[in-house]
1. Within the stretch 47-64, work out how many residues are exposed (fewer than 12 other Cβ atoms within 10 Å of the Cβ) and in a helix (DSSP H, G or I).
2. Does D10 qualify as being modelled with pLDDT under 80 and acidic (D, E)?
3. Kindly list, by first and then second residue, each pair from a residue in the stretch 10-33 that is under 13 Å from A52 (Cβ atoms) to a residue that is acidic (D, E), limited to pairs with Cβ atoms under 9 Å and residues at least 6 apart or on different chains.
4. Would you confirm whether or not the stretch 35-44 contains a residue that is under 14 Å from P12 (Cβ atoms) and within 10 Å of the chain's Cα centre (by Cα)?
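The values are calculated or read from the model by the stated rules, or taken from the named source; none is laboratory data. Keep in mind the model is a prediction, meaning the values are calculated, not measured. Quick reminder, even Gly has a Cβ in these numbers, built from the backbone with ideal geometry, and neighbours come from all protein chains shown.
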Amino acid sequence: MSPTPSAHTDVPVPAAEANESIRRFVRARRGLAWSAQDMAEYAVLLEIWTLAVRAEISQVVEAA
């Protein structure tokens, strides 16, 4: 199963969902050395989270 919260779409996932995906990913590898694949997957999760947070901030700014 892929660690990403959803497929790449124009609509970002909620930041809380992206954050939980990161937590699950890191917990599953607790105490283990990360492979290059693990680091690449983590980078994708961070990118998804970053996009989600930016989208939520934009929504708040637009509402103000």
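1. Pass one, the stretch 47-64, residues exposed (fewer than 12 other Cβ atoms within 10 Å of the Cβ): 57-64.
Checking which are in a helix (DSSP H, G or I) leaves us with 57-63.
So the count comes out to 7.
2. On the way: modelled with pLDDT under 80: yes; acidic (D, E): yes.
Taking the combined requirement at face value, the residue satisfies it.
3. Sorted first by the residue in the stretch 10-33, then by its partner, the pairs are P12/E56; P14/E56; A15/E56.
4. Residues of the stretch 35-44 under 14 Å from P12 (Cβ atoms): 44.
Then drop every residue that is not within 10 Å of the chain's Cα centre (by Cα), which leaves 44.
Yes, some residue in the stretch 35-44 is under 14 Å from P12 (Cβ atoms) and within 10 Å of the chain's Cα centre (by Cα).
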